[in-house]
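Read through the structure below, which is laid out as structure tokens, and then see the notes.
The values are calculated or read from the model by the stated rules, or taken from the named source; none is laboratory data. These figures come from a predicted structure and were not determined experimentally. Glycine also receives a Cβ, built like all others from the backbone with ideal geometry; neighbour counts cover every protein chain displayed. Note: areas computed on protein heavy atoms with side chains; ligands, DNA, RNA excluded. Shrake-Rupley method; radii C 1.70, N 1.55, O 1.52, S 1.80 Å.
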Amino acid sequence: MVLEAHTQIQYCTAKANYCEFHAGLRHLMRLARWAGFFPVQGLSQTNPDDVRFEFRSLYALYHAITVIGQTVMTFLAFYSFVDSNVSLSVVSNFLFYFTNYVTLVLLWRLSKNWSALISKTLEFEQSVTEIRTTRNLVSRTNTLTYVVLIFAMIEHALSKVFNIRSVMCCLGETSLNHTVINNYFKFKWKFVFDYFSTSTTYSYFVGFIAEFLCMQATFLWSFTDVLIMCFSIYLSSFFEDFNSTVSSFMKKASKTVPWSTLRVQYSQIVLIVKQMDEQLDYFVLISYFTNLFFICFQLYNSLKATASVTYLTYYVFSFLFLVTRALLLSIMAANVHSCAQVPQLALYEVPTADYSLDVQRFQLQLRYTTVGLSGVCFNVTRGMILRVIGTIVTYELVLIQLTKKNLDNDTSIRDYYLPKHLI
């Protein structure tokens, strides 16, 4: 009996300390830690009490080395942007590393606040256990994390294959050899070697370091989108459970609906949304800026598409992956706002005889409170998504109207990964 009681106490303690937010995002954040961007301890443990930001650790040292490497790459991209003739390829190269560097700084801030954020979510989850019915949150976020990042790895690998195949075709080589690698490094990392040396010599070591730092930056780009998606899934699930609770009450009898209790629970969900948005708003801003720019950049490059099978394979996959990822992010982020507005329909159906002060307060709260994720200067809603799509379509139509002569004379049209004379 004593053993059974002890086991029951351990089970209740573990259940009380279980945090869905930690369980749903710890795989993603652990991948970020392995990549050198998130020096937080305890991500391998299911107990959120073990999560802490540790400055004196191997992961912190790894993170410091990553910061130094990304700082150097960003500086070299900026130096190339200032020193070279302005072209679309140079601008895109600088924006790629600059936006990723800003994301790196934001992740540093998030890592220091991660333990406090988990404590807030744990307290929040324990306060709304009555309405919680979702059981597949962890599997959904983990599946999304690995699927998107695996496709990101495939896209990055295809870009390398395309670059190397283009160099081999240009040099007339049929196999990968020293000459191919030599030319690949010289042209791929021209902005790196131009700064360190005035000659055409190169270093394998510097080339492989640059490749690794580029792979880190590419991972960080996709990671930012997945992070926003996982936050959105987590927040939307609580609004969906709340809406299901309201719907079940309305089906029984409107007189039995505890509007006062429901309004308090809704306010608790709104509060956690605002607390998470404070940590996430700049990530959303950076994500939309980079996705919009590179989607338009790919559309611009599509006007110069070649008939190469290698190019078409890489280009089609890269473009579809980028558009799909950005669209998924937008839909999931906007779903937080959409789900938060659903209770208005139930409130409109309250009969006059049952209309109370709590119902009135709830209606005013829904009408005058904007709930959802934001990007500092805009709110992510379905209407905003349509405006972004309209901007992209307008941009493409303007490009189509350009004459072929102007396009041929525009030397700024480049593939992001390869100079024109290697295509």
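Taken together, Asp225, Asp281 contain a single residue that is at pLDDT below 95, touching a Leu at 6+ places or on another chain (Cβ under 8 Å) and acidic (Asp, Glu), which is Asp281.
Residue-level analysis places Leu299 among those that are in contact (Cβ under 8 Å) with a residue 12 or more places away in the chain, over 27 Å from Ala64 (Cα atoms), assigned to a helix (DSSP H, G or I) and aliphatic (A, V, I, L, M).
For the stretch 375-388, the criterion of a residue being touching a helix residue (DSSP H, G or I) at 6+ places or on another chain (Cβ under 9 Å), part of a helix (DSSP H, G or I) and exposed (fewer than 12 other Cβ atoms within 10 Å of the Cβ) is satisfied by at least one position. Kindly check whether there is at least one residue in the stretch 121-143 that is basic (Lys, Arg) and in a loop (DSSP other than H, G, I, E, B). Scanning the stretch 121-143 turns up at least one residue that is basic (Lys, Arg) and in a loop (DSSP other than H, G, I, E, B). Residues that are surrounded by fewer than 20 Cβ atoms within 10 Å (Cβ to Cβ) and over 14 Å from Leu213 (Cα atoms) within the stretch 95-105 comprise Leu95, Val102, Val105, listed in sequence order. Does Phe242 satisfy the criteria of being open to solvent by 10 Å² or more (accessible area, probe 1.4 Å), among the aromatic types (Phe, Trp, Tyr) and in a helix (DSSP H, G or I)? Spelling it out, it is not the case that Phe242 is open to solvent by 10 Å² or more (accessible area, probe 1.4 Å), among the aromatic types (Phe, Trp, Tyr) and in a helix (DSSP H, G or I). Residue pairs whose Cβ atoms lie under 6 Å apart, separated by 6 or more positions or on different chains, with the first residue in the stretch 203-220 and surrounded by 15 or more Cβ atoms within 10 Å (Cβ to Cβ) and the second in a helix (DSSP H, G or I), are Gly207/Phe185; Ala210/Val192; Leu213/Gly69; Leu213/Met73; Ala217/Asn100; Thr218/His156; Leu220/Asn100; Leu220/Thr103. Looking only at the stretch 333-374, which residues are touching a residue at least 60 places away in the same chain (Cβ under 8 Å), open to solvent by 10 Å² or more (accessible area, probe 1.4 Å), closer than 16 Å to Phe242 by Cβ and of a type in the set (Gly, Ala, Ser)? Once the filter is applied, which keeps residues that are touching a residue at least 60 places away in the same chain (Cβ under 8 Å), open to solvent by 10 Å² or more (accessible area, probe 1.4 Å), closer than 16 Å to Phe242 by Cβ and of a type in the set (Gly, Ala, Ser), the stretch 333-374 yields Ala346, Gly372. For Ala326, state whether it is more than 28 Å from Met153 (Cα to Cα) and open to solvent by less than 50 Å² (accessible area, probe 1.4 Å). No. For the stretch 116-157, the set of residues classified as touching a residue at least 12 places away in the same chain (Cβ under 8 Å) and closer than 20 Å to Ala35 by Cα consists of Thr141, Asn142, Leu144, Thr145, Tyr146, Val148, Leu149, Phe151, Ala152, Ile154, Glu155, His156, listed by residue number.
Within the stretch 372-406, the set of residues being modelled with pLDDT under 80, farther than 18 Å from Phe293 by Cα and among the hydroxyl-bearing types (Ser, Thr, Tyr) comprises Thr403 only.
In this structure, Leu329 does satisfy being at pLDDT 90 or above and either hydrophobic (A, V, I, L, M, F, W, C) or in contact with an Asp or Glu (Cβ under 8 Å, 6 or more places away or on another chain) (or both). Quick one: is Leu25 open to solvent by less than 40 Å² (accessible area, probe 1.4 Å) and closer than 19 Å to Cys230 by Cα? It is true that Leu25 is open to solvent by less than 40 Å² (accessible area, probe 1.4 Å) and closer than 19 Å to Cys230 by Cα. Given the structure, is Gln275 open to solvent by less than 50 Å² (accessible area, probe 1.4 Å) and part of a helix (DSSP H, G or I)? Spelling it out, Gln275 is indeed open to solvent by less than 50 Å² (accessible area, probe 1.4 Å) and part of a helix (DSSP H, G or I). Among the residues of the stretch 140-194 satisfying the criterion of being among the hydroxyl-bearing types (Ser, Thr, Tyr) and closer than 18 Å to Tyr315 by Cα, which is surrounded by the most Cβ atoms within 10 Å (Cβ to Cβ)? Looking at residues that are among the hydroxyl-bearing types (Ser, Thr, Tyr) and closer than 18 Å to Tyr315 by Cα, I get Ser166. Could you list, in sequence order, the residues of the stretch 19-43 that are touching a residue at least 24 places away in the same chain (Cβ under 8 Å) and of a type in the set (Phe, Trp, Tyr)? Phe21, Phe37, Phe38 - these are the residues of the stretch 19-43 that are touching a residue at least 24 places away in the same chain (Cβ under 8 Å) and of a type in the set (Phe, Trp, Tyr).
Of the candidates Ala353, Ala340, Ala346, Ala334, the single residue that is at pLDDT below 85 and assigned to a helix (DSSP H, G or I) is Ala353. Looking for something modelled with pLDDT of 85 or more and not charged (D, E, K, R) - is there at least one such residue anywhere in the stretch 295-310? Yes, some residue in the stretch 295-310 is modelled with pLDDT of 85 or more and not charged (D, E, K, R).
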